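S.K.: Once you've had a glance at the structure underneath, I'll fire off some questions.
Read the figures in this text as sums done on the coordinates, not as results from a lab. Every value quoted in this text rests on a predicted model; they were computed, and no experiment measured them. Cβ placement follows ideal geometry from the backbone for every residue including glycine, while neighbour counts extend to all protein chains displayed.
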Amino acid sequence: MVPIPNSETPSHTSRISTVVPATPRGDQNGAFQLTSMDLLMKLHYIRPVFFFTAEAVQGLSISDLKKPMFPLLDMYSHVSGRIRRSESGYPFIKCNDAGVRIAESRCEITLREWFHQNGVYSVNGLVHEHVLGPHLSFSPLVFVKFTWFKCGGLSVGLSWAHILGDAFSAFNFITKWSQILVGHKPPKSLHTPNIKEPQSPPTYNIYENPISIKKATVVGEYWLGANNSDVATHSFHFTFKQLQHLVTATSNLSQTTNTAKTKKDSYFEIISAMLLKSIAQIKGDFGTKVLTICTNNNSNRDGNEFPNNGLVLSRIEADLAADISELAWLIAEKKMVENHIMEKLIEKDEGKEDYIVYGANLTFVDLEEAEIYEVKLNGHKPIMANCTIHGVGDEGVVLVLPAPEDIDGGGSGRIVNVSLPEKELNQLKDKIGKEWSIIV
């Protein structure tokens, strides 16, 4: 287990400051009540990073970058609050204007050199190493880290406590910041998301059916689950042509010839199935395995939506002897929604228990619809954007994200982030690099 860093004094950071809402709340400080789904995700952290060229940030100072945060936090007042517990022990957020942290850092190499040394998709060191604890009442829920490169380029790294909302909410937050930066007037308030109730499977007995989470042992007084092995993360780039080849190569394996295209421009199912098959072979898994599938329940999310944990958490029971096309069909069509079961568990223990979601089972997260390239500086999109999850359990997680448009203009591929025990991850890199010619 990697030691927990001190969130107030990170390494390689030259300065830490705090930004608070533009309008103080004073005696009107209120309590933000967390939902069961919020508390379910409390041991996880979302970490997106956006890379911009010198041209995109020309003329911008750190003061310019911090200024939009003040009005932004007027809308997101609970984001600048701190965790408290009620007399019964149930966590909530005290909206006390304690603020979010801004980390400033300088890198003595260029962006090109960074990509060459660390990989094009690496986020290591560019997101503040932040977790909640040991003193919850003093722990910021959000860190934003600005790293200036020698060439004048900039990375913007966000560490977002998952208890605030899912990855789509985190992306909306930083996108709204970039819009205010260029002069867009922020809305007076955010609207409540219109989340459809997931269709429930037949009656469940929570004591007889396996579910997609597990109780966790936390690290000391921190809100972070303990691992039995060192979990590492690697990003794979599937180009548009490689995705087309993957579909073609697997489409004749069963009657489900068009599984990968269950929704327009979606490759989540076929990518997940291919990786599932490869990981199962590495692990030596045989027979039926329970998997967790996380999907977006609101395809019409917008930037003025209140943050929420709106992902649909489902399980499937996959026969690992099946071919890739059949596995993709299972992922697309045989998901059993378990949000309602999880909510009942959280309500029953009054939010006092700690759970792991990502990595309790091998977990696949569909972020294909995430608009991560809508974060713009001076009208320029990031040349690269990526996102990882911190706090992943030993079984691992796979995130499927959009990639920038391929150089040849043929279409957009996918960035696929895989977090697994380090030995298994190294084997996976070797396996899919050889068998599918995927960039590793």
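S.K.: Treat every Asp and Glu Cβ in segment 342-420 as -1 and every Lys and Arg Cβ as +1, leave all other atoms uncharged, and give the resulting dipole magnitude about the Cα centre to the nearest 20 debye. If you can, show how the numbers build up before the last one.
M.R.: Numbers: 6 positive and 16 negative charges, 48 e Å.
Result for segment 342-420 is approximately 240 debye, rounded to the nearest 20.
S.K.: Highest mean first, what order results for 425-433, 110-118 on Cβ atoms within 10 Å?
M.R.: Working: 425-433: 17.0, 110-118: 14.9.
Highest to lowest by the protection proxy: 425-433, 110-118.
S.K.: For a quick check, take a GNM of the chain with Cα springs below 10 Å and name the residue from P71, P91, P24 with the largest mean-square fluctuation.
M.R.: P24
S.K.: Whole Å is fine, so just give me how far the alpha carbon centre of segment 105-131 lies from that of segment 313-335.
M.R.: 36
S.K.: Could you check what % of the DSSP bridge pairs in segment 265-405 are antiparallel, to the nearest 5? List each step's numbers first, then the result.
M.R.: On the way: 12 of 20 bridges.
Approximately 60 percent, going by the DSSP bridge assignments.
S.K.: If I build a Gaussian network model for the chain, linking alpha-carbon pairs within less than 10 angstrom, which residue out of R414, R82, R106 has the largest mean-square fluctuation?
M.R.: Comparing R414, R82, R106 in a Gaussian network model of the chain, the most mobile one is R106.
S.K.: Kirkwood hydrodynamic radius of the chain from all distinct Cα pairs, in Å? Mind dumping the intermediate values first?
M.R.: Numbers: mean 1/r = 0.0447 Å⁻¹.
In the chain this quantity evaluates to 22.4 Å.
S.K.: Out of I180, I271, I213, any idea which swings most in a Gaussian network model of the chain, alpha carbons joined below 10 Å?
M.R.: Among I180, I271, I213, the largest mean-square fluctuation in the Gaussian network model of the chain belongs to I180.
S.K.: Could you tell me what percent of the DSSP beta bridges with both partners in the chain are antiparallel, to the nearest 5?
M.R.: On the way: 62 of 77 bridges.
Here the share of antiparallel DSSP bridges comes out near 80 percent.
S.K.: Send over the semi-axes of segment 214-436's equivalent ellipsoid, whole angstrom and largest first, taken as the square roots of 5 times the C-alpha gyration tensor eigenvalues. Write out the running numbers ahead of the final one.
M.R.: Values: eigenvalues 144, 106, 68 Å².
The equivalent ellipsoid of segment 214-436 has semi-axes of 27, 23, 19 Å.
S.K.: What relative contact order, as a whole-number percentage, does the chain give when Cα pairs under 8 Å and 6 or more residues apart are counted? Can you show the working numbers first?
M.R.: Details: 950 pairs, mean separation 98.4, N = 440.
Computed value for the chain: 22 percent relative contact order.
S.K.: If one computes the Cα centroid of segment 358-389 and of segment 132-193, what distance in Å separates the two points?
M.R.: 13
S.K.: Please give the net charge around L136, taking every other residue with its beta carbon less than 12 angstrom from that of L136, where Lys and Arg add +1 and Asp and Glu add -1. Could the numbers behind the result be given before it?
M.R.: Values: positive: K42, R82, R84, R85, K94; negative: E221.
Here the count lands on +4.
S.K.: Now, a different point. Mind checking the dipole of segment 214-436: about its Cα centre, +1 per Lys or Arg Cβ, -1 per Asp or Glu Cβ, Debye to the nearest 20? Walk me through the intermediate numbers first.
M.R.: Numbers: 23 positive and 33 negative charges, 79 e Å.
Result for segment 214-436 is approximately 380 debye, rounded to the nearest 20.
S.K.: Let me ask something else about it. In deg cm²/dmol, rounded to 500, what helix-only [θ] at 222 nm does the chain give when every DSSP H run of at least 4 residues adds -39500 (n - 2.57) and the total is split over its residues?
M.R.: -7000 deg cm²/dmol
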